[in-house]
Amino acid sequence: MQARLDPRSSLQKTIIPVLAAPDAEMPFRLEPRQRINFTSAYDPALAQLRQHLTWMDSPAGQLQALKHRLTDAQRDLPRAAPEQQPRIQDDIAELQRQIAQQQSVIDNPQAAEQRVQQSIDRGLERVRQPEKPVSKETQTKFINPPPLIAPTWFQDRHVETQLIGDFLKDDALRLMTVVGRGGIGKSAIVCRLLRSLESGQLPDDGGPLPIDGIVYLSDARSFRRVNVPDLYASLTQLLPDETRRKLDLVYKNPQATTRQTMEALLAAFPHGRTVVLLDNFESEIDTETGRLNNADLREAIRAVLEFSAHGIKIIITTRVSPGELALVEPSRQRRVNLGKGLEYPYAENILRAMDPDGKIGVRDATAADLALARERTRGNPRALENLFGILSADRETSLQDFLDNTAKLQPDRVVTAFVGEAFNSLDLTAQLVMQALAIYRFPVPPPAVDYLLQPLITGVDSQPVLGRLVDMHFAVRHGWAYSLGQIGREYAEGLISEGASSLQERAEEWFKMEFGQAPTANDKGSPTQPKVFVSYAWGDDSSESGRQREFIVDGLCTRLEAEKWEVGRDKKLTQYGDRISRLMKAISRAELVIVVLSEKYLRSPYCVAELYGIYQRALGEEDEFLDHIIPLALEDARIESWEDRLEVARYWQAKYRKMEKEVKKSPDLFGSKDFELYKSMKDWNNNVSVMLSYVNDTLHPRGFDEVAKDDFSALRQMLQSKHTRKARA
């Protein structure tokens, strides 16, 4: 698209007037911008321009650019047509907010950085919150969040929707592949249908269709990726506990092939209808040969197609056809080709629906202009979104202007050209936020974006920017997190310089702080915790028992670290001023935890909460609970007999009843953290004897001498054994 010389255009951009002729006058619209005079000495003018460009990147320069834009908007308001004034007023309000924020950064940069850091710390604490535990009896039917929520203005695709519905109704069919160009609406069609099926109904009055479960996996929009481990783990969540335990043994058997593990899994679904979505499947396909890059995934899908009767159905969305799979049991497959965009009136309806208040000028556009917009975009839903985004970002660009400038656009460049134009219409901060989302690749919350951009933008606050990007259909909201669509992400990634490795490192640092390990393009599994945590009663080394505990833990951690273990414990994960709850959450979510039992541990609400967090994560299952812990007991930890365990249970029951009495008497006097402790204690006082009986039933070192014997050899053997088994799994 050609740049226009009209000074009203691209008001999001910084404009620097350059005087090239002595008799030239500054356009009225560019006052009071500073001009660079090139009519006399060239070198001094060039030096001034360089200096001015550097200054424009500073907080003061950015503030001045915002003030120029505000002046322009205030000048335009009284001259604008009545239907345009509400949008200009919105721009003025947003610019005033940005100016106030930028001024506060300049007035007190230290306070601004402190605010950003506090926001990041709060964000980390929030994302580290463990998921709400699911009751042992509850079996959810829908595993993992859907990769996409179809927009409310979804239009047409009735034929394709019916074809997918017919596929799901036919018990003889196993695999459906939905193929189409990027942005054509593949994921939206399937996710809309599956979302409707969560209520037992096909969309578009397609009638009832009972469903036993839905599993969502995506290579572009989720931590749960298209691979055998996530496929297997997600499907087993739909099964009864006993069946799941048996399948876990099959999966962890190093002699079992992928085919054998999949056949065992399929046998657990002998009938019914369970749907698996493999979204953005093109990343698993060799584009030249049509073969799958991952041999295990290839074998797993072949098993679904070839195995005797079962109730699993797979839907694939992809830009590249998996030609290799098409040759496997073709009679059990169906394919939907999305080759064309939306026709009249559906494309026009989408544009109108995206502009409900008419501020962008699309809702009330003429039928002829909307029809031309459909032709220019070829009815591609993503291109329609980007068209709306361009018009949203630059109020001086009308629909007619845009149509005039796209008259010669080639059909195969529709989406990418529109994405590029939409991106260029954004202000610098919004562009950086989009590039941050592209670097992360996965959906992340605003504090993650702030953390990445903290070295680049003083006092960064991405929350309102992300909200604007969602409104303009550049970004997608997933609850508290945000991401880019695949095409937008690919475009933004292409603009990231090769020297941006430090930003990638900061992204990995964020994931390590959140999960313990950064997900990578080559790692299709989910992020994991550090290799081993230590849960013990710390903070008291004045008594003999306290000194003994510290000696045990210090010696053990030193020995494990010498063997290249990554150890998480109190002194490494917390400092004065840090929150104990953060350490508790990290321990409850860890894969392996060494539990150092002592009298103080059994009487500490923090320690028991850590142990109960692990117990919750295991859904109360003994084997799963014990699989995550390695217990060792000091002399004063009495849990060997039922009388000992009953005494501990009575202690917590008395504590809970006392607290319950006070809560009922004076509920307003309890702080939020104390009330959380009360609710947590309500659960664990009923389960503490069960947890301790499970621990006592495990052969583990007991007493100071046995624990420390031979440089902690017994404990190190237990730890290595569990680690090896988990790694093999």
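The values are calculated or read from the model by the stated rules, or taken from the named source; none is laboratory data. Bear in mind the structure is a predicted one, so any value in this text is a computation, not a measurement. Neighbour counts are summed over all protein chains in view; Cβ atoms, including those assigned to glycine, are modelled from backbone coordinates with ideal geometry.
A few points about this structure:
- Condition check for Ile350: in the same structural domain as Asp394 (by TED's automatic domain parsing) and crowded, with 21+ Cβ neighbours inside 10 Å: yes
- From Gln255, Gln260, residue being assigned by TED's automatic domain parsing to the domain that holds Lys169 and either over 18 Å from Ile301 (Cα atoms) or touching a strand residue (DSSP E or B) at 6+ places or on another chain (Cβ under 6 Å) (or both): Gln255
- Only one of Met26, Met1 that is at pLDDT below 80 and in contact with a Phe, Trp or Tyr (Cβ under 9 Å, 6 or more places away or on another chain): Met1
- Ser218 meets each of the listed conditions (1) surrounded by 15 or more Cβ atoms within 10 Å (Cβ to Cβ); (2) without any contact (Cβ under 8 Å) to a residue 24 or more places away in the chain; (3) among the hydroxyl-bearing types (Ser, Thr, Tyr) apart from (2).
- The selection criterion, being in a helix (DSSP H, G or I), more than 14 Å from Leu597 (Cβ to Cβ) and modelled with pLDDT of 85 or more, holds for Lys658.
- For the range 304-317, the set of residues classified as surrounded by 21 or more Cβ atoms within 10 Å (Cβ to Cβ) and of a type in the set (A, V, I, L, M, F, W, C) consists of Val304, Ile312, Ile314, Ile315, Ile316, listed by residue number.
- For the range 578-613, a tally of residues being modelled with pLDDT under 80 and not in a helix (DSSP H, G or I) returns 5.
- Here Leu327 does not fit the description of being modelled with pLDDT under 90 and outside the structural domain of Asp166 (by TED's automatic domain parsing).
- Any hit, the range 12-21, residues being outside any helix (DSSP H, G or I), small (Gly, Ala, Ser), surrounded by fewer than 15 Cβ atoms within 10 Å (Cβ to Cβ) and modelled with pLDDT of 75 or more: yes
- Residue match in the range 279-291 (condition: farther than 30 Å from Arg157 by Cα, in contact with a Ser or Thr (Cβ under 7 Å, 6 or more places away or on another chain) and small (Gly, Ala, Ser)): no
- Verdict on Leu265 being touching an Asp or Glu at 6+ places or on another chain (Cβ under 9 Å) and buried (at least 20 other Cβ atoms within 10 Å of the Cβ): no
- Of all residues in the range 17-37, those that are of a type in the set (A, V, I, L, M, F, W, C) and out of contact with any strand residue (DSSP E or B) (no Cβ under 6 Å at 6 or more places or on another chain) total 6.
- Selected residue [surrounded by fewer than 19 Cβ atoms within 10 Å (Cβ to Cβ) and not in a helix (DSSP H, G or I)] from Asp369, Asp357: Asp357
- Hey, Leu292 in contact with a strand residue (DSSP E or B) (Cβ under 9 Å, 6 or more places away or on another chain) and closer than 25 Å to Pro210 by Cβ or not: no
- Looking only at the range 73-89, residues that are within 17 Å of Ser398 (Cβ to Cβ), of a type outside the set (A, V, I, L, M) and in a helix (DSSP H, G or I) come to 5 in all.
- Among (1) within 19 Å of the chain's Cα centre (by Cα); (2) in a helix (DSSP H, G or I); (3) not polar (S, T, N, Q) - the single one Val250 does not satisfy: (1)
- Pairs are defined by a Cβ separation below 6 Å, a sequence spacing of at least 6 or placement on different chains, a first member in the range 306-319 that is within 19 Å of Leu292 (Cα to Cα), and a second member that is of a type in the set (Gly, Ala, Ser) and not in a helix (DSSP H, G or I); the pairs so defined are Arg319/Gly182.
- Output for the range 321-340, where each listed residue is part of a loop (DSSP other than H, G, I, E, B) and either more than 29 Å from the chain's Cα centre (by Cα) or without any contact (Cβ under 8 Å) to a residue 60 or more places away in the chain (or both): Leu327, Val328, Glu329, Gly339, Lys340
- The range 450-483, residues that are over 20 Å from Pro147 (Cα atoms), in a helix (DSSP H, G or I) and among the β-branched types (Val, Ile, Thr): Val465
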